[in-house]
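See below for the structure under consideration.
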Amino acid sequence: MRVVGLMSGTSYDAIDAAAADLCLDGDTLLLTPLGMISTAYDDDLRADLAAALPPAGADLATVCRLDTRIGRAFAAAAVRADEELCGGRADLVASHGQTVFHWAEDGRVHGTLQIGEAAWIAEATGRPVVSGFRTRDVAAGGQGAPLVSIVDVMWLRGRPGVPVALNLGGIGNVTVVPGGAHGAHGAEGTGAEPLAFDTGPANALIDAAVRALAGRDASGEARSMDAGGALAARGTVHPPLLRRLLDEPYYARPAPKTTGKELFHLSYLRSALDSCGPLPAEDVVATLTRLTARTVADAIRPFGATEVIASGGGTRNPVLMDWLREELGGAGGCVVRSSDELGLPAGAKEAYAFAVLGWLTAHGLAGTVPSCTGARHASVLGSITPGGPGLRLPRPPATAPVRLTVGGGAGTDRPGHAR
């Protein structure tokens with residue numbers, strides 16, 4: 001089955017569309033990457049989305065308009081991916097949508113909202129669309145995140161030691177797969193259960209600081225991120241600000257736990273800065289980069305990780321990656337490598353993961369690991385919107401996959417489409 005996975009994360013800068021050929025061989029799901037394209041939100045849509053997100057308020061008319069506009073943008077990305085990556089022969093689209101609110105209070109998630117109406121995608125592509133993945137897990141008592149944990153568990157099980165999958169998007173999240181851990185769709189060995197949770201901000205506060213404080217680059221363009229870690233490299237970590245930020249209670253909460261820009265946003269940062277006095281933009285960015293490296297390392301260290309396989313936009317920041325390695329113990333600590341080394345391109349891993357989640361749903365299979373999301377039980381995720389006339393779904397397999405193997409394929413971004 002050829003599946004297009006669509007993803008826009010908490011940085012809301014672009015829609016990633018990754019296509020995969022997925023087939024089941026016994027208890028192993030073989031993923032052959034067909035490539036990824038990335039389509040930036042247009043400036044007006046991105047600005048309107050940013051203006052509506054917490055801590056700002058938005059009326060229902062704004063939400064309706066954004067739901068439609070984002071749905072159309074996702075539809076255009078899906079059409080491109082089908083034509084350019086699948087030769088017009090995609091069987092299914094799996095759309096994460098755009099998270100606009102994650103209702104978490106006192107360690108529990110009560111609701112979550114992703115917009116980008118799937119009907120626009122189904123109408124434009126003629127393909128069935130799986131969407132609304134997170135809500136079912138929340139209804140079952142889970143955090144609704146990190147949903148990629150089931151893919152991480154299948155992908156990393158059997159690796160020696162204690163591998164940890166790390167995603168550095170707007171928010172950081174990890175999946176810990178202890179040796180012999182019970183895995184997706186069954187158990188293996190007698191080891192501990194896998195665990196997954198959000199570590200805190202990855203790029204969220206760094207990006208917020210850059211947009212608010214760093215002005216324009218040499219070409220006159222407004223900065224939106226610390227490209228290549230250049231600002232952090234020029235700055236100096238400010239210890240009082242770092243201590244103030246590390247006092248955030250979220251970091252001490254037990255897993256599973258999730259968070260988002262409902263907590264880690266510009267107003268949150270400004271409140272911390274008010275206690276420290278004026279600082280150069282470079283020093284603020286350096287401090288926030290160290291905050292991300294420290295909190296990720298603090299979250300991983302108790303599990304005795306032997307390797308960290310990183311993905312997401314933060315992997316393109318060499319300062320962040322160097323400081324993460326330093327925080328984890330340097331050469332004598334655990335190995336930090338990119339997911340590219342294991343066959344999944346770091347910039348497309350989450351889009352590929354949602355392609356897998358869509359495949360599971362289409363086959364009537366659960367898409368969660370309860371120990372990772374905190375749910376009472378595993379659930380088949382999402383809703384299916386029919387594409388063309390009629391809806392034909394594949395027959396559920398006799399054996400659910402417990403492993404994921406990445407085969408040869410396009411894997412990396414196509415030329416001219418890299419972000």
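The values are calculated or read from the model by the stated rules, or taken from the named source; none is laboratory data. Since the model is a prediction, treat every value here as computed from it, not as a measurement. Quick reminder, even Gly has a Cβ in these numbers, built from the backbone with ideal geometry, and neighbours come from all protein chains shown. These accessible areas exclude ligands, DNA and RNA; they are computed on the full protein's heavy atoms, side chains included. Shrake-Rupley method; radii C 1.70, N 1.55, O 1.52, S 1.80 Å.
Does R216 satisfy the criteria of being surrounded by fewer than 22 Cβ atoms within 10 Å (Cβ to Cβ) and more than 30 Å from S371 (Cα to Cα)? It would help to see each step written out before you state the result.
Values: surrounded by fewer than 22 Cβ atoms within 10 Å (Cβ to Cβ): yes; more than 30 Å from S371 (Cα to Cα): yes.
Here the answer is yes, as R216 does meet what is asked.
Give the residues of region 55-67 that are more than 22 Å from the chain's Cα centre (by Cα) and assigned to a loop (DSSP other than H, G, I, E, B), sorted by residue number.
Scanning region 55-67 gives A56, G57, A58, D59.
Tally time: how many residues in region 108-124 are over 14 Å from S383 (Cα atoms), touching a strand residue (DSSP E or B) at 6+ places or on another chain (Cβ under 6 Å) and among the β-branched types (V, I, T)?
1
So which residues in region 308-338 are within 17 Å of the chain's Cα centre (by Cα) and under 15 Å from M225 (Cα atoms)?
Of all residues in region 308-338, those within 17 Å of the chain's Cα centre (by Cα) come to 308-317, 338.
Within region 308-338, G312, G313, G314, T315, R316, N317 qualify.
Can you tell me which residue in region 89-109 is nearest to A50 (Cα to Cα), limited to those that are at pLDDT below 95 and touching a Leu at 6+ places or on another chain (Cβ under 6 Å)?
Filtering first and then ranking leaves V100.
Quickly run through region 249-263 and pick out the residues that are at pLDDT below 95 and either in contact with a Leu (Cβ under 8 Å, 6 or more places away or on another chain) or among the acidic types (D, E) (or both).
Within region 249-263, A255, P256, K261, E262 meet the criteria.
Give region 230-273 a look and list any residue that's free of Cβ contacts under 8 Å to residues at least 60 places away in the same chain and among the aromatic types (F, W, Y), or say none.
Across region 230-273, the qualifying residues are Y250, Y251.
Tell me, which residue of region 212-249 that is basic (K, R) and in contact with a helix residue (DSSP H, G or I) (Cβ under 8 Å, 6 or more places away or on another chain) is nearest to D274 (Cα to Cα)?
As a first pass, look at region 212-249 and keep what is basic (K, R): 216, 223, 234, 243-244.
Next, from what is left, pick out any that are in contact with a helix residue (DSSP H, G or I) (Cβ under 8 Å, 6 or more places away or on another chain): 223, 234, 244.
Details: R223: 23, R234: 22, R244: 11 Å.
Per the stated criteria, the residue is R244.
Regarding L246, is this residue of a type in the set (A, V, I, L, M, F, W, C), open to solvent by 40 Å² or more (accessible area, probe 1.4 Å), more than 22 Å from M321 (Cβ to Cβ) and in contact with a Leu (Cβ under 9 Å, 6 or more places away or on another chain)?
Spelling it out, it is not the case that L246 is of a type in the set (A, V, I, L, M, F, W, C), open to solvent by 40 Å² or more (accessible area, probe 1.4 Å), more than 22 Å from M321 (Cβ to Cβ) and in contact with a Leu (Cβ under 9 Å, 6 or more places away or on another chain).
Tell me which of these Q98 doesn't satisfy, since it passes every other one: (1) of a type in the set (S, T, N, Q); (2) open to solvent by 20 Å² or more (accessible area, probe 1.4 Å); (3) touching a residue at least 40 places away in the same chain (Cβ under 8 Å).
All conditions are met except number (2).
Scan region 314-350 residue by residue and report those that are in a helix (DSSP H, G or I) and closer than 14 Å to V406 by Cβ.
Once the filter is applied, which keeps residues that are in a helix (DSSP H, G or I) and closer than 14 Å to V406 by Cβ, region 314-350 yields S339, D340, E341, L342, K349.
Out of D21, D16, D48, which single residue is more than 21 Å from R134 (Cα to Cα), open to solvent by 10 Å² or more (accessible area, probe 1.4 Å) and in contact (Cβ under 8 Å) with a residue 60 or more places away in the chain? Before the answer, list the steps.
Working: D16 fails: more than 21 Å from R134 (Cα to Cα); D48 fails: in contact (Cβ under 8 Å) with a residue 60 or more places away in the chain.
The match here is D21.
Residues in region 127-135: is at least one open to solvent by less than 20 Å² (accessible area, probe 1.4 Å), aromatic (F, W, Y) and at pLDDT 95 or above?
Among the residues of region 127-135, at least one is open to solvent by less than 20 Å² (accessible area, probe 1.4 Å), aromatic (F, W, Y) and at pLDDT 95 or above, which makes the answer yes.
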